[in-house]
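The values are calculated or read from the model by the stated rules, or taken from the named source; none is laboratory data. Note that the structure is predicted; figures quoted are calculated from it, not measured. In this analysis, Cβ positions are derived from the backbone assuming ideal geometry, glycine residues included, and neighbour counts consider all displayed protein chains.
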Amino acid sequence: MEWNKRDKTAIWHPCTPQWKEEYNINIVRGKGIYLYDDQGNEYIDAVSSWWVNLHGHAHPHINERLKEQLDLLEHVIFAGFTHQPAIELAEEILKLLPENQSKIFYSDNGSTAVEVAIKITMQYWYNIGQKKLSFIAFENSYHGDTFGSMAVGADSPFNDPYGKPAFNVIHIPTPTSDNIQHIVEKITHIHQQYDIAGFIFEPLVQGWAGMLMYEAELLEKIIRHCKQLNIITIADEVMTGFGRTGAMFACDHLDEAPDIFCLSKGITGGYMALGATSCTSKIYHAYLQKDPLKTFYHGHSYTANPLACTAGLASLEIFKQPGYIDEIIRIVYKHQAFLYQLQNHPKVKNARQTGTILAFDIKNNEPTGYFNSKRDQYYYAFLKKGVLLRPLGNTIYLIPPYCITNEELDKVYAIILETLKVL
Ligand SMILES: Cc1ncc(COP(=O)(O)O)c(C=O)c1O
């Protein structure tokens with residue numbers, strides 16, 4: 001309790017209404033999928049601590065690699081200097097991304113990975129002598145909390161206090177088989193009206209909008225069309241990257257590779273803040289000019305932090321362990337079986353799944369969305385039962401670390417069903 005008082009006095013927590021006498025659970029230790037608080041309670045981290053953790057907390061291999069790196073180099077300026085972990089991580093990520101990706105630009109979180117993508121795109125056109133500053137994005141999108149990433153995000157009441165977006169963004173509906181033709185025509189029309197620099201999207205799953213899911217083939221059609229119109233396509237894989245959709249990247253489910261990728265969250269296995277933006281050689285080549293104004297003048301103090309890059313390398317080494325991918329697929333199948341149960345549940349609607357991400361909405365007479373009153377009821381009920389599930393309004397979702405066992409998954413599913421019974 002003492003810690004909570006001190007926390008309240010000194011700290012302003014993210015996305016947390018400050019007027020509420022809300023108790024912030026004091027976590028003292030993590031191990032695998034479990035978090036332990038200072039009262040001796042344990043919680044299954046079924047949302048991977050804001051979707052970052054891949055292999056479990058305090059993973060022995062990542063810990064070991066970090067301890068070694070800590071004694072060698074904790075940080076160094078990344079302009080004019082480089083280091084082995086950054087080089088190796090960039091090489092490894094490029095091996096995993098589609099072949100058209102040729103360079104990695106580091107930053108330090110998901111929002112900055114998106115900011116970098118937006119700025120690289122705008123300046124690409126500037127560098128080749130064209131002014132294109134507008135973007136296309138999906139209506140339900142979320143790309144981060146900085147001004148550029150907010151601008152490409154959905155029109156939302158959360159952005160009202162901050163005035164007009166920093167640049168022009170035209171939103172299009174999330175694709176369905178019914179509206180895809182209309183969307184393709186709309187893009188053509190928008191392209192005729194505005195100087196469109198790029199199209200940014202969360203591939204297959206729109207996280208913050210409530211884990212909304214859409215089909216790969218629909219996205220593929222949109223990307224192909226954008227490419228025909230010379231619009232740069234930007235995949236924001238900040239959430240979907242590193243196995244979440246059952247493939248290394250959500251775009252691996254497509255044949256058409258986007259021009260730019262934004263990565264963060266799972267990039268370090270959930271250990272440290274790191275962002276990465278990759279691009280094609282065509283985009284990069286526009287920056288190989290002697291004119292000083294054609295250089296990309298963007299950098300963050302902690303860019304390519306050696307500890308973060310080492311955590312990233314250690315995380316990718318875990319993916320290479322024999323049978324590791326099968327573990328991810330195991331979760332996909334476990335979810336599938338539970339999905340059938342949810343689909344027939346009288347209190348549930350829109351049960352859905354993409355890879356290791358499972359989501360459903362609770363029926364009530366309020367609109368589905370962030371402010372639905374079911375959120376708090378379910379959030380606290382789950383915590384009481386020892387599971388961290390952080391509903392997005394009336395949308396409950398699971399995005400667990402890959403080390404979760406079948407028994408632990410069964411326990412989480414059972415707690416969900418029990419809670420549905422009583423609330
Ligand atoms: C798709 C997507 N892009 C960007 C971000 C922003 O990442 P960060 O919170 O690290 O700034 C998020 C965060 O949830 C996200 O889901």
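Annotations for the structure displayed:
- When E68, E42, E74 are screened for being more than 15 Å from G312 (Cα to Cα) and more than 16 Å from the ligand (Cβ to nearest atom), only E42 passes.
- In segment 250-301, residue farthest from the ligand (Cβ to nearest atom) [restricted to those that are over 22 Å from P401 (Cβ atoms) and polar (S, T, N, Q)]: Q289
- Within segment 291-328, no residue satisfies the criterion of being exposed (fewer than 14 other Cβ atoms within 10 Å of the Cβ), under 24 Å from the mean Cα position of the chain (by Cα) and among the aliphatic types (A, V, I, L, M).
- Residue within segment 302-321 that is away from the ligand (no atom under 16 Å from the Cβ), assigned to a loop (DSSP other than H, G, I, E, B) and closer than 14 Å to H55 by Cβ present: yes
- Lone qualifier among L288, L274, L263 - being surrounded by fewer than 24 Cβ atoms within 10 Å (Cβ to Cβ) and at negative phi: L288
- Selection from segment 367-386 of residues that are at pLDDT below 90 and more than 14 Å from I396 (Cβ to Cβ): P367, F371
- Selection status of I87, under 19 Å from the mean Cα position of the chain (by Cα), in a helix (DSSP H, G or I) and either modelled with pLDDT of 95 or more or more than 16 Å from the ligand (Cβ to nearest atom) (or both): no
- Residue in segment 195-203 that is within 11 Å of the ligand (Cβ to nearest atom) and either of a type in the set (F, W, Y) or farther than 24 Å from K103 by Cβ (or both) present: yes
- Single unsatisfied condition, I187 versus (1) away from the ligand (no atom under 16 Å from the Cβ); (2) farther than 22 Å from W125 by Cα; (3) in contact with a helix residue (DSSP H, G or I) (Cβ under 8 Å, 6 or more places away or on another chain): (2)
- Single residue of segment 99-112 satisfying the filter (over 15 Å from I232 (Cβ atoms) and either in contact with a Leu (Cβ under 9 Å, 6 or more places away or on another chain) or β-branched (V, I, T) (or both)) that is farthest from the ligand (Cβ to nearest atom): I104
- Of all the numbered requirements in (1) closer than 23 Å to G299 by Cα; (2) among the acidic types (D, E); (3) not assigned by TED's automatic domain parsing to the domain that holds I260, E21 misses one, and that requirement is (1).
Quick grid of which residues meet (1) exposed (fewer than 14 other Cβ atoms within 10 Å of the Cβ); (2) within 14 Å of I404 (Cβ to Cβ):
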| position | (1), (2) |
| --- | --- |
| I27 | no, no |
| I33 | no, yes |
| G40 | yes, no |
| D45 | no, yes |
| S49 | no, yes |
| N53 | no, yes |
| H57 | no, yes |
| H61 | no, no |
| K67 | yes, no |
